[in-house]
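Okay, so here's the structure we're looking at.
Nothing in this text is a laboratory measurement; each read-out follows from the coordinates by a stated rule. Only a predicted model underlies this, so the values are computations on that prediction, with no experimental measurement involved. So basically every Cβ, Gly included, is an ideal-geometry build from the backbone, and we count neighbours across all protein chains shown.
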Amino acid sequence: MNFASIKLSQKYSGVKVEPIGYPLHVKPRNVKLLDIIMDPITHALSGVLIKNLGFKRKASLLVLVVSAMAADIDYISRLWGADAMLRYHGGITHSFVFMLLFPVAVGLFFRNRGGFAYYWMLATIGCGVHIALDMTSGPGIRLFAPLDWRAMSIGVIFWTEPMIILLFIASILMSYLNAERARVVSVATLALLVLFIWGKGQYQDRASEFLRASMPEYRVESVSPVPNTMSRWWFIALSGNEIKTGFVDLFTRHVYVQKSYPQDQSDPAIESSKKYGVVKNFLNFAQYPYAEIRKNGNITVITWRELSLAYLPDDSFTIRLDVGNDGKLIGSRVKI
């Protein structure tokens, strides 16, 4: 299908759909390991922000900061490999079970240092803020684990959102410089945070509407946030036997198609690769997994990628398997 010939609705007349790669001004930065599921710095800053609402007892700051970061203890799964972290991060420590049990442990620890109820409350707030932030970003968290392991997310913010970090830092500095108004500043900051997330959701809805009008032959599967922008979103769209991925830009009123994929995933080698633990871990994480196969001499190379993150450079969030003619796994590589 030639995207240059797409007929647009009257509402969006003049919109161009271009089968090109990155526009010069949108190539994203590289994403490092600590970007995954909301930058830990953001969570630590949120603990300081909550403390400035008026919690002044001894150890309040420590409890709030630790509790706001505690759910990310599952980063330790990285010791067992990048694929293990993809599987277990955002799991049980990001669930209601953890949010119930961790504050009890904190309250018991501090029961002779100011009272169980007070520090239980602080830890509950800290854990709750962490989970609320993570619900807005990334591939989702398993909120109801271990009863339900499905990932949940409203998906309006990229993992690391500089605007939120800057907002938190500005609030904390203003509270430090004017302690008497710290509570007012913190309340205003939380209100701005909610407004920012709501605004991102509105832009996401507009991007989805714009994309559907621009590509009426396609079914839009996903419109996901990209770093450092409100107006640009990454999409996945399906039509017939074809998958299109690319950017929809509300500022330039363009749809940029980055790559097309055939929908056919019936190759037996793809199905066979799902028996390997590294692929099982990846599929547990991925929202829109896609496998590609190529031959390299006597080796079959199977590459699994997460299409919702396919715009990231350096083949981020991919798994490569090298399989011999005898069907045995020769080697694997995970990139996140």
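See the values below:
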read-out	value
Distance in nm between pseudo-label sites at Glu221 and Phe109 (7 Å out along the Cβ direction from Cα)	4.3
Sparsely packed trypsin sites (Lys or Arg not before Pro) within the stretch 239-336, loop by DSSP, other Cβ within 10 Å at most 11	Lys275, Lys328
Whole-number Å³ per residue for the convex hull built on Cα positions in the chain	150
Two-site label geometry, Glu180 and Ser239: point separation in nm, points 7 Å out along Cα→Cβ	6.4
Fraction in percent of alpha-carbon pairs per bin - 5 Å, the stretch 129-243	2, 10, 16, 17, 15, 14, 11, 7, 4, 2, 1, 0, 0
Potential lengthening between Thr303 and Ser231 on full extension [0.36 nm per residue; Cα-Cα distance subtracted]	22.8 nm
Net charge over other residues, Cβ less than 15 angstrom from the Cβ of Ser175 (K, R count +1; D, E count -1)	+3
Residue order, fewest to most beta carbons within 10 Å, for Val97, Val323	Val97, Val323
Efficiency of FRET between Asp267 and Asp205 - r from beta-carbon atoms, R0 45 angstrom, step 0.05	0.75
Neighbourhood net charge (10 Å Cβ-Cβ; Lys/Arg +1, Asp/Glu -1) for His43	-3
As computed over the stretch 206-336, the Cα convex hull volume per residue (Å³)	111
Compactness of the stretch 268-335, expressed as Rg and Dmax over alpha-carbon positions, Å	11.5, 34
Zero-based 10 Å bins, Cα pair distances in the stretch 33-159, whole percents	14, 43, 31, 11, 0
Cα principal axis extents for the stretch 174-234, largest first, Å	58, 17, 14
Between helix 182-214 and the chain: long-axis angle, C-alpha atoms, 0 to 90°, nearest 10	10
Cβ-defined net charge surrounding Pro262, 12 Å radius [Lys, Arg +1; Asp, Glu -1]	-2
Stretch gain in nm, segment Lys335-Leu62, where the contour uses 0.36 nm per residue and the Cα spacing is subtracted	94.8 nm
Acute angle (nearest 10 degrees) that the helix 116-135 long axis makes with the longest principal axis of the chain, alpha-carbon atoms	20
Efficiency of FRET from Cβ geometry, Leu166 and Met121, R₀ 22 Å, rounded to 0.05	0.15
Ranked Trp159, Trp149, criterion: other C-beta atoms within 10 Å, fewest first	Trp149, Trp159
Between 0 and 90°, nearest 10: helix 96-109 axis offset from the chain longest Cα axis	30
Residues Asn296 and Ala191, FRET efficiency given R0 of 45 Å [Cβ-Cβ distance, rounded to 0.05]	0.20
Cleavage-rule hits (trypsin sites (Lys or Arg not before Pro)) in the stretch 112-205: DSSP loop, at most 14 neighbouring Cβ within 10 angstrom	Arg113, Arg150
Taking Trp234, Trp80 and counting other C-beta atoms within 10 Å, the order from fewest to most	Trp80, Trp234
Value of [θ]222 nm, deg cm²/dmol, for the chain, DSSP H segments ≥ 4, -39500 (n - 2.57) each, nearest 500	-12500 deg cm²/dmol
Pair Trp198, Ile154: separation of 7 Å Cα→Cβ label points (nm)	1.0
